[in-house]
Each structure stands twice: as C-alpha cells, then as structure tokens.
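What follows is a short report on a single structure.
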Amino acid sequence: MILNTIDISQLLSLLAFNRDEPMLFTSGLFWVLFLIFLPLYALLKSKRKKMMLFVIAFSLYFFYKSSGLFFLLLVATSVFDWWVAQFIESSKNRTERRIALTVSLVFSLGILLFFKYSNFFMINFETLVGGNFQPLDLIMPVGISFYTFRTISYVVDVYKGKIQPVDDYLDHLFFLSFFPCLVAGPIVRSRDFIPQLQDNKPASREMIYGGLFLIMLGLLKKAVFADYIAQYNNIAFGNPAGYTGFELLMAVLGFTMQIYCDFSGYSDMAIGLGSIMGFDLGINFNYPYRSLNVTEFWHRWHISLSTWLRDYVYIPLGGNRKGKFRQHVNLMITMLLGGLWHGAAWTFVVWGAGHGIALCVHKICKPWLDGIASTRFTRFVSWLLTFSFVAILWIFFRADSFHAAGQVIRGIITDFEWAYLPVFLARRSTWCIMLAIIYGLHFVPRHVWDTMRNWFINAPWVVKLLIFIVLIQLVLQFASATVQPFLYSQF
Amino acid sequence: MNKPYWGLWALLLAALAFFAVLSIWQDGISVGPLDIKTASFARDMKALFQVDDAKADSLDLEQNDDNWRAPLDTTAKNILFIGDSMLEGLAPRLAKYCDKNGHSLVEVIWYSSSTLCWGESGRLTELINKYHPDYIFVCLGANELYVPDIKRARRPHVKKLLAEIGKIPYVWIGPPNWDKDTGINDLISQETPRGCFYLSAGDTFERSRDGAHPTRASAQQWMDRVIKWMDTGCAHPIRLDNPGEGISRASHIVIYQPPK
C-alpha cells in the first residue's frame, strides 16, 4: 500500500542546526518561518512581555539554526553583562567598577578572540617558533563579532554613565539576541534600541511597508546583483594568473560593487525586518562610493561599525585630544583593529592599515585640500582618487593571500590591454550590464529612492504584491544564472 | 492584528502560494523565448513526504548491492571521450591505454563546456549516432564549480546527458577542484549509479599557469588514477592494462568552440 507520510527525520533535519546552511534572510526557510512568526508577533505586539518572550525564543532558534548550541553562549554573555552592568551602577567604588568593566571586556573579547583568532594566532606563532601545531577545528558562532560589540557598547555606556542599566534582564536579552541584527548587524546601541522596546509603539503602515521596500531592495542587492557578479569575481580571484590585466581589473571593479551590495543588501534586509517589527535600526550604508575622500567614505560605509570603532576604540585611545601625532597613531590602531575585525588574516590587517594611512594623510592634507576651490572637475578628481584607492584596497580584502593579491595587481599593471574589452563585453554581456546597472543605481539621488519608497508604501496592495512577485522571480532567475568561467583554454 | 500587518502577511502568503504552485513545474516554464525558473518548494515538500514505493525501490537497490559491478569486459572497445578542456591532458594518456589494449578512442573537446551546454545541445546523441561507442568517458564540471544553486539549476541537464548515454557503460570523471565547489560533485554523484563516477576533488594536482588546469604530467597521473580506480571501483570495468609511460593520440579528435 502506498502511503504518503511526513518524514519526521527530514523535517527535523531541515529545522536543525546545519553548519553548512546557516539561516540567512535570503533563505527560503527563513521566509517560511517568518510567515508563521509575523501573525503571532502582530497578535502579541501590544502585550509587551509575551511579545518579548516570543521574539527572544524565535531569535534564539534563529541563532541555534546557524550556530547550534552556541546560542547558549549568547545567553551566558547576556546574563553576565546584564549582571555586570547592574553591579557597575550599584557600586560607588571606582576600583570595583573598573574591575567589573575589565572582567566584562575580558570575558566578551576573550570569547571572540578564542573563536575568531585562535587559529590565526597559533599559525603565526608556529611560523615564528617553527612548531607543529594543528589548527583547532572551531565552529565560529555566526554573528559573534556583532553581538560582542553590542554587549561591549552596553557595558561601557553604563560604566561611563551615558545610560542607565536595564532593570529587566529580558530587555537586555531581547536587545542582544534580536534576530534581524544577529548575523551581520547593524551594530545597534542599547541606548537607541532599549527606549524603543520600552515604548513598544505599534508599527505604523509606513514602517511596515517601508520595511518591506527595504527588504526588497536588500534582496535585489544581495541575491540578484552581489551573488551574480560574485561568480566571475570568484573565478578571477581564484586563479589570477590565468586572467589578463583587463579581466582582473573588471574583477576588481566587480568585487568593489559586490561587497557593497552584499554588506549593504544584508543590512537593508535587517533594517527592513526591524522596521516591520516597529524598530528603527538607523542607516548603515549611505552611498559610500559617492565619497570625495576617505574620511567621508568611512562616514558612509558600515556606519554602525565605524561609529562603534570611533566611540569605543579611537576616542578611548585619546582621539584627537592628545596632539596630532597621537591622533594619527590612534587612527592607525583603530583601523588596524577594524581590519582584523573583518577577518583573521594579515590581508585584512593590510586593508585596515591602508585605510588608516589614507585617513592620516587626509587629516594632514585637509587644510591644503580645503583651500582648493570646489568645482565639478576637482570634485570628479577627488571622487576618482577616492574610489580607485578604495577599490585597490579591496584586492587585499578579497584575495586569499598576499601572493594572490600581488598577482592581481601585477596583472593589471603589466598585462593590461584594451583589446580584451570587446571580447569581454561580448562574452560576459549580462555581467557587464548588471555591473553598469549597479554603478548607475548607486548614483541615483537619495530623494528619488525616498519618492519610490513613499510611492510603494501608498501603492495599492495588488501592485505591491506584483512588485514583490517580480522581485522574487528576478532572484530565482539569477540564482541559477551563470557566468562562463573560462573564456579560452589557456592550457 | 493591526491592518497593515494583516496586509503584509496576506501579501507574503499570496506570494508564497504563487511560487509554490509554479514550483510544480520543476524544470521551469518557457514563455516564448523566456525561460522562467521556478522555486524548489514542490521538490522540498516532496522530500518531506516520502512515498513508500520510493523506499521500496531503494530497498531493492540495497538488496542488489552485490551486483553493482559487472565482470571485467576484455573485449576491444570503441570508446568515446567527451568533455571540456580538461580532455587536453586526459585524453592523450587514455589514448596510450587504448593503443596498448586494442581499444579505439574518439576524443571530443568542447572548450568551456558544461553540463548545461551538453544537456541542452543534444550533441552527445549526435556523437553516439555517428561513432557508435560501446564505452563512454565524460569529464565535465570544471566550468561550473561556482554555479549558485547548482543542484536545482543543473540537475535536469545532468539527467538529460545521462539519458543520452542510456545503457552504454560509462565513467564520469569529476572536475579537478582547485577550490570548494558549490555542489557539482554532489550532483553528479547523486545522479550516477555506483561505480560510474570518479571523484577527482580529493586528488592533488600540479597546476598549470592558469591555476585551474593540471599540468600535462599531472593530467596523465590523473588519468592513471582513474584507471587504477576502475580496477576496483568501476561498475563496468574494461581491460586497461598499463601501457607504461607516455601518451598517444586518439584515432579521431573533434573540437568544438566555446559555447556562446
């Protein structure tokens, strides 16, 4: 007899932790679960406590799905730092307060360093002393860098008296585990988030559909643009020796936009989800490639990270309060740490150092630069220099090693021929069109996006549905569209 | 629930229903020249609802597990070797084995080709009709190591290619990975019966300047490893005694330009 039954083991394995398939906002499973989550959230929204318990449970499951039992680490961190903040607030003894802060920082950073940098330090130590270490088989909990930075900002702000500690532990756990920000930020501050949670205002129509608009924009950036152009970039960066200078330059331009679409697309989705749930998570990327200098770039790129580094590294180091020389040293330290935060490899350190040097040079030259008249031409030259510099540094960010980065740079300098342009355009026309569209969209004025957003919010429901369906279809079309890897055999 | 939430929920639900219904057409829908891709929803649901006869089929396979390998076929074969640029290194070495063992070899290199081009083109059927091979080697996959969602995107083409091969014994040599693939090896492994797929991904290669292709010498060693594996791991072993060092030339070589 033929019977169709739900295979429970299949269902459980679909819902269980899988290190190869973390739950991301681009996965179908997330959206199916969100469809179940949304009506329950809406029903519970006005009952603050119940809503919080429900969201915390969902967030912890979200974390479990991506990182397994490491979600308990987040719970432990939240308990510890909540208690430390309470202690700091209640203690009048300055030394005790300082010790509590230090213990909290050691605890949070210790966990982060262990999971993210153990192998990096071991390999470098091995290189220095010539040992024979085996790298540890560590699973890095997804998003650990982001929630660690959030919890540090909370404890430090309480220590500095900028905020009061939250009385209710659940408020803190809600803040730390809030699933839209869990995997890739933005690094929201407790002082911005907790008041919204405590007010628990209902989400307006503008927030809900504005959130959907942002999610759609994020999906377009991440799942259509970034993922498609990444294919060619991966191939070229994977075998730089096999590509001509022109092809490598295209890969660099491609990666420059891929990383923006990837990071900012995911941020858009997170901010959109937050907006749907009634939370304003701020802006994380503000058209960074429009910047006219590197300082401006860092005011527009990954804003929640750059302001975090400013407030919790640069300023505590002394900022610009201890003279020009110290200011430059502080900038370099901040950017080196910022580079290392992005990944445990020396290529990231070089990327951070490059930006640090550029920031120092800009600070030194600023009086002279301010004296130059702002014309279209000077603005264009400033933009071109800034963009080129940022793009070149992305090579170190993307390349697997210094050797590979060197091959890319050497290829572009020594093996560049415009003759490849027509062949490239003909063979990779979709890729080129897509890249051109992304660059074009990046320079669409903000007010145009705002108009589109408002139009979408006020559009009839059916129109919204149609737009949403068209977008998802685009994602499906490009999810299986491929770029040709090898134009010619170079055997 | 406030009204905008209800509206958003209905919108997401309607979109899910729309894509769920479309996903019944697993291979996509063609509207004129436009090929509309569908989601994997129906396939995922099907995986959750096990059909008992499917289980029975798999049980049959397990019961017949001992019979997966045919006895060594010592007759001279008419071999067709198809694939991408990797054949430049592999085929000359196979030709040497063929010379030694009395097989004839037709080599068909389609540069930059993938399972997609072969599956869509029907070229293999033409080649089979033309050369009447009784044994086939395939080396494909190197040009699709990074294809996203590959299992969904390429499964129909792999199936089509295997259907074109039909009952002719074959060996599919997997791509020589230089980086982690997005699932091409898994896909071929899932679609081919036991003993018909040689996984090259774990092998070590000395690379040519492009970083992707093995050097000539390394490609010859690769072919040697495949043939050694055929001794014990191949479902349809044929006589391939070691011819000693060196390479030879296939009796017929066909070259196709990269697909547009």
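Coordinate-derived values only; no laboratory data. Owing to the predicted nature of the structure, the values given are computational and were not obtained by experimental measurement. Here the Cβ positions follow ideal geometry from the backbone for every residue, glycine too, while neighbour counts run over all protein chains shown.
Counted residue by residue at 0.36 nm each, then reduced by the alpha carbon distance between them, the extension gain from B:Q190 to B:R225 reaches 10.4 nm.
By count of other Cβ within 10 Å, fewest leading, how are B:T125, A:T334 ordered? Write out the running numbers ahead of the final one.
Working: B:T125 15, A:T334 24.
The fewest-first ordering by Cβ neighbours comes to B:T125, A:T334.
Apply the a/c threshold of 1.5 to the C-alpha gyration tensor of the range A:206-479 and tell me whether it is rounded, prolate or oblate. It comes out oblate by the Cα gyration axes.
Quote to one decimal, in nm, the extra length available between A:V444 and A:L72 on full extension: 0.36 nm per residue of separation minus the C-alpha distance between them.
Working: separation 372, 0.36 × 372 = 133.92 nm, distance 4.38 nm.
In short, 129.5 nm is gained.
Looking at the range B:68-140, which trypsin sites (Lys or Arg not before Pro) are in a loop (DSSP not H, G, I, E or B) and have at most 15 other Cβ atoms within 10 Å?
B:R69
Remark: the Cα gyration tensor places the range B:183-260 in the rounded category, a/c being less than 1.5.
First measure r as the distance between the Cβ atoms of A:L29 and B:D35, then evaluate 1/(1 + (r/R0)^6) with R0 = 25 Å and state the FRET efficiency to the nearest 0.05. Walk me through the numbers before you get to the answer.
Values: r = 26 Å, r/R0 = 1.03.
Calculated value: 0.45.
When the Cα centres of the range B:187-243 and the range A:443-469 are compared, how far apart do they sit, in Å? Measuring centre to centre over Cα atoms gives 53 Å. The alpha carbons of chain B give a radius of gyration and a Dmax of 21.5, 80 Å, in that order.
Pairs to check: B:K130/B:K159; A:K160/A:K324; B:K37/B:K151. Give those whose C-alpha atoms are more than 19 Å from each other in this structure. Show your work: numbers first, answer last.
On the way: B:K130/B:K159 22 Å; A:K160/A:K324 26 Å; B:K37/B:K151 13 Å.
Among B:K130/B:K159; A:K160/A:K324; B:K37/B:K151, the Cα-Cα distance tops 19 Å for B:K130/B:K159; A:K160/A:K324.
Sequence-distant contacts, meaning Cα pairs under 8 Å at least 6 residues apart, place the relative contact order of the range B:78-256 at 33 percent. The local environment of A:S78, defined by Cβ-Cβ distances under 14 Å, has a net charge of -2 under the rule Lys, Arg +1 and Asp, Glu -1.
Enter the mean number of other protein chain beta carbons within 10 Å of the beta carbon of each residue in B:81-92, as an integer. Could the numbers behind the result be given before it?
Working: counts 0, 0, 0, 3, 5, 2, 2, 2, 1, 0, 0, 0.
Per residue, the average neighbour count from other chains is 1.
Rounded to two decimals, what is the ratio between the C-alpha radius of gyration of the range A:115-273 and 2.2 N^0.38 Å? Walk me through the numbers on the way to the answer.
Working: Rg = 20.9 Å, N = 159, 2.2 N^0.38 = 15.1 Å.
Relative to the rule-of-thumb radius for its length, the range A:115-273 sits at 1.38.
Considering every residue in A:230-243, what mean count of other chain Cβ atoms within 10 Å of its Cβ is obtained?
Working: counts 2, 6, 1, 1, 4, 5, 0, 1, 6, 9, 2, 6, 7, 2.
The mean count of partner-chain Cβ atoms within 10 Å per residue comes to 4.
Once you order the gyration tensor axes a ≥ b ≥ c over the Cα atoms, which shape class does the range A:268-414 get: rounded for a/c under 1.5, otherwise prolate or oblate by comparing a/b with b/c?
Details: a/c = 1.23, a/b = 1.10, b/c = 1.12.
Because its axes are fairly even, with a/c under 1.5, the range A:268-414 counts as rounded.
Protection proxy ranking of A:414-423, A:450-459, A:21-30, by the mean of other Cβ atoms within 10 Å over each peptide's residues and highest first, is A:21-30, A:450-459, A:414-423. Available extension along the chain between A:D370 and A:W455 is 26.7 nm, counting 0.36 nm per residue and deducting the alpha carbon span. Each peptide in A:53-59, A:433-439 gets a packing score, the mean of other Cβ atoms within 10 Å over its residues, and the list from highest to lowest is A:53-59, A:433-439. Taking a straight line from the alpha carbon of A:K47, these lysines sit under 23 Å away, with near neighbours fewer than eight places off in the same chain left out: A:K201, B:K3.
Take the Cα pairs of the range B:112-260, get the Kirkwood Rh, then feed it into Stokes-Einstein at 20 °C and 1.002 mPa s and tell me D in µm²/s. Could the numbers behind the result be given before it?
Working: Rh = 16.3 Å.
Roughly 131 µm²/s, to the nearest whole number.
The separation of the range A:347-409 from the range A:255-324, counted between C-alpha centres, amounts to 17 Å. Along its three principal directions, the equivalent ellipsoid of the range A:360-491 from the Cα gyration tensor extends over semi-axes of 34, 30, 14 Å, largest first. Here the alpha carbons of the protein assembly as shown define both size measures, Rg and Dmax, at 29.0, 93 Å. Counting Cβ atoms of other protein chains within 10 Å of each residue's Cβ and taking the mean over peptide B:201-211 gives 3.
In summary, the range B:1-43 shows an alpha-carbon radius of gyration equal to 1.50 times the 2.2 N^0.38 Å reference for compact globular proteins.
Convex hull over the alpha-carbon atoms of the range B:117-173: what's its volume per residue in Å³? Write out the running numbers ahead of the final one.
Details: hull volume 4.4 nm³, N = 57.
That works out to 78 Å³ per residue.
Excluding same-chain neighbours fewer than eight residues apart, the lysines reachable from B:K96 by a Cα-Cα span under 19 Å are B:K77, B:K228.
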